[in-house]
1. Given the pairs A:LYS53/A:LYS83; A:LYS52/A:LYS83; B:LYS34/B:LYS350; A:LYS83/A:LYS118; A:LYS78/B:LYS56, which are separated by over 18 angstrom at their Cα positions?
2. Accessible area per residue, 1.4 Å probe, Å², for the protein assembly as shown: what's the number?
3. Is there a simple number for the mean count of other chain Cβ atoms within 10 Å of the Cβ of residues in A:41-49, and what is it?
4. Averaged over peptide A:14-27, how many Cβ atoms belonging to another chain are found within 10 Å of each residue's Cβ?
5. How big is D for segment B:30-143, in µm² s⁻¹ as a whole number, if Stokes-Einstein is applied with the Kirkwood radius of its Cα pairs at 25 °C and 0.890 mPa s?
6. I'd like the Karplus ³J(HN,Hα) series for segment B:236-249: coefficients 6.51, -1.76, 1.60, θ = phi - 60°, whole numbers in Hz, and an x wherever there's a Gly or Pro.
7. Other chains' Cβ within 10 Å of B:67-75 residues: what's the mean?
8. What does the C-alpha gyration tensor say about the overall shape of chain A? Classify as rounded when a/c is under 1.5, otherwise prolate if a/b is larger than b/c, or oblate.
Amino acid sequence: MGYWKEIVEGGWSLVEGMRVTAKRLVRPVVTVQYPRQTIDMTLAYRGHIELKKFAESGSHRCVACGTCERTCPSHVIKVQGVKAHARSDKVATHYWIDFTRCSLCGLCVEACPTETLKFSREYQLDGETRWDGVIDLIQRLEENRS
Amino acid sequence: MDEQLLEPVRENIYQLNLGPQHPSTHGVLRVLLKLDGEYIVEAEPVIGYGHRGHEKMGENHTYLQFMPNTSRMDYLSGLIYNHGYCLAVEKMCGIEVPERARYIRVICAELNRISSHLLWFGTYVMDLGGFTPFLYCFDDREQILDLLDGVSGSRLTYSYCRFGGVNRDVDDAFVAGARRFIARLRSRWVDYHNLVTKNVIFIHRVRDVGIIDRDLALRFGVTGPNLRAAGVAYDLRKIEPYEVYDRFDFEVPIGGKGDAQDRYHVRLAEMEQSCRIIEQAIEALPAGRFRNEYRYQHVTPPKGDYYLGFESARGATGYYLVSDGSRYPYRCHIRVPSFGNLQVLTEVLKGTMVADAISILGSVDLVIPEIDR
């Protein structure tokens with residue numbers, strides 16, 4: 001390619017490039033101003049897990065079997081339960097998760113035999129210490145109920 | 001007589017660290033350069049900054065528990081890694097996968113491949129000094145992430161595939177969205193070519209730069225678009241079709257001499273081929289289950305060692321799993337393409353200038369956490 005030809009063709013390619021950018025200048029903006037505008041989250045969104053509330057009991061169905069605890073790859077979950085008396089079913093009293101270690105894989109949700117776990121829609125999580133990531137889901141469920 | 005002793009001592013050679021914080025060494029790559037003026041005499045990649053011990057973690061987790069880790073090695077094509085891992089375990093245990101799930105996996109994996117290539121395209125041009133295409137690519141990539149977010153619930157670390165299917169079914173909105181995206185991406189090619197491919201500055205930065213020819217590529221185990229740019233049509237989707245890739249009509253784009261420009265063209269052509277695969281898969285998407293009825297929580301594969309290779313966005317990847325018949329793999333090794341692609345730089349960078357080194361580093365599309373894992 002000749003010297004002058006290259007200059008002309010090269011210069012023209014820059015003009016063409018500028019034309020693309022100029023075209024975009026008048027197109028609608030694709031970003032949103034985040035704190036003032038938000039985008040709807042998808043239904044599949046995975047926040048940290050939480051307990052489902054069932055209509056018939058008005059509460060969760062966790063029996064503290066510990067399947068989620070054993071399935072979790074990062075040992076995020078710790079669940080405790082009691083039996084009110086010898087013949088009654090076990091009911092969870094505490095369900096702690098350490099969200100700082102959670103990788104949101106959802107294996108616990110799938111493993112739950114009573115299907116009482118679901119993903120929350122929580123995405124604005126912050127804290128000052130790492131203990132702020134430790135959440136008691138049963139307490140959270142009760143707070144949401146009241 | 002030792003020949004090195006006879007060589008004159010080169011006193012003006014100095015060392016320079018390129019990275020690990022250099023903006024063009026995406027991830028944490030450090031390249032120790034020995035320079036003579038602005039020419040590279042020797043280049044030595046230093047790896048290990050992103051080491052997290054994934055292979056060891058694999059030995060201490062059950063097969064299912066290791067699944068979330070797989071998308072964290074190559075975070076740009078996490079779904080393809082998920083997919084490959086599930087294929088490997090399914091091969092070990094002989095798990096049947098429903099037809100619908102196979103097609104969904106292919107669609108999502110190809111979308112992920114496009115998103116990975118788009119990110120490479122944007123960042124590569126940004127390394128070379130063009131910031132605008134980067135934003136356009138991210139705009140396009142955002143559409144894919146939205147689609148995958150809609151089915152998997154996550155934007156980067158998907159954990160979408162499961163043994164014997166996928167996590168969630170796709171709906172009509174996803175199918176329509178994928179169609180819309182392909183039409184949109186195709187309409188953007190003209191702009192990309194006008195903006196980047198034909199740009200004189202870009203051409204001068206990539207043409208005849210970093211030539212990885214056929215012999216060199218094969219000697220160093222280079223795979224993926226870097227190998228195909230050298231003219232070798234090696235694509236595991238074609239050569240050892242794994243999933244349902246043998247049912248689709250697509251081509252393996254190859255380049256000629258294997259310079260940065262060829263690698264660029266091969267990746268762009270590959271995106272178009274991925275679009276073709278997605279289109280055909282959507283057309284043929286069968287009804288039925290998206291997952292086996294039985295949910296495989298703790299699989300215990302029979303004793304033996306297994307290897308499954310698949311084509312990730314960067315090249316031939318594979319899981320080598322050794323089972324001792326328990327719930328935990330005895331050994332979990334991952335063959336990553338970026339390692340071979342990085343090794344070849346020791347040869348390629350010799351004799352080039354520092355500015356070209358940036359172009360070469362970008363053009364081979366390295367993901368460092370994948371090398372370190």
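1. Numbers: A:LYS53/A:LYS83 20 Å; A:LYS52/A:LYS83 21 Å; B:LYS34/B:LYS350 9 Å; A:LYS83/A:LYS118 24 Å; A:LYS78/B:LYS56 24 Å.
Pairs exceeding the cut-off: A:LYS53/A:LYS83; A:LYS52/A:LYS83; A:LYS83/A:LYS118; A:LYS78/B:LYS56.
2. Details: 24430 Å² over 519 residues.
Dividing the accessible area of the protein assembly as shown by its residue count gives 47 Å².
3. On the way: counts 3, 11, 6, 12, 6, 8, 1, 0, 0.
Mean shielding by partner chains, rounded to a whole number: 5.
4. Details: counts 4, 1, 6, 12, 3, 3, 10, 6, 0, 2, 6, 0, 0, 0.
Across the residues of A:14-27, the mean count of other-chain Cβ atoms within 10 Å is 4.
5. Numbers: Rh = 17.3 Å.
Using the Kirkwood radius from Cα pairs, D works out to 142 µm²/s.
6. Here the 3J(HN,Hα) series is 4, 5, 8, 7, 10, x, 10, 6, 10, 5, 6, 8, 9, 9 Hz.
7. Details: counts 3, 8, 4, 0, 2, 1, 0, 0, 0.
Partner Cβ neighbours, averaged per residue: 2.
8. Details: a/c = 3.92, a/b = 3.12, b/c = 1.26.
Since a/c reaches 1.5 and a/b is larger than b/c, the shape of chain A is classed as prolate.
The values are calculated or read from the model by the stated rules, or taken from the named source; none is laboratory data. Here the structure is a predicted model, which means the values were calculated and not measured. Note that we place each Cβ from the backbone using ideal geometry, even for glycine, and neighbour counts take in every protein chain shown. For the accessible areas, the whole protein counts, side chains as well, though only heavy atoms, and no ligand, DNA or RNA atoms are used. Shrake-Rupley method; radii C 1.70, N 1.55, O 1.52, S 1.80 Å.
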